[in-house]
Amino acid sequence: MPTTPKPAHLNPPKQGRSQRTLERIVAASLELLATEGPAGLTVHAVVEKAESSVGSFYARFNGKDDLLDYLGERVWADAAARWNEALVSRDWGALTLPQIVEGSVVLLIDAQRSRSAYLKALDWATGRQTDAYETFRSELLTGLSEILLVHAASIDHHDPQLAVRLGLRAVLGVIDAESRAVEDRLSREALVGECRTLLLGYLMSRDGPRSPTDGVEYFDVWG
């Protein structure tokens, strides 16, 4: 179970019932951020959705800004805790490279689709200098790289570490592009399949280093 952070802008609950009230406020706030955006996150809307009271809200937070700061820390702490737990929860060497590739693709797609809405809304609302969602994905990439490189011997690319780094970023590019697609957006199942094929094809390509084509200019985009 992730450890709930207790930053200075939260008045920590002292009893179980108070903790449950805090959890309802957090859940209601994240739902409002995901569906209504920062503008829809008002104290009144939060306490109504949480079936709580304004007094209960101010017993924990001094105002909306404190709530936003806490949510930013809470979401990141919970996500990081779950990811770190997943990293140490199994023997990754017991899985094949294709199995790990598929699991990596599914994780990146689900992280983008299910969590980005309120994480990005939090960054916008609090004016943070760093994007919490991008920080979270950076942690995912680091962990996934480590897992994939457990099977470095199965990677046919001449530089397994480079292949893993670029392959994962190529998959992220596809995922991000599809998330912005307005028409003909791929289903989750189709996106998983195509990204799996992309990443596996790159990691298991037997082609060696490719020399650049010298002296050929196909087009000048600045001309």
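Taken together, the values in this text are just the output of simple stated rules run on the coordinates, not laboratory data. Keep in mind the model is a prediction, meaning the values are calculated, not measured. Every residue, glycine as well, gets a Cβ built from its backbone with ideal geometry; the counts of neighbours run over all protein chains shown.
Numbers below:
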| read-out | value |
| --- | --- |
| Between the range 59-85 and the range 137-186, the alpha-carbon center distance in angstrom | 28 |
| Protection proxy ranking, peptides 21-29, 189-197, average beta carbon neighbours within 10 Å, highest first | 21-29, 189-197 |
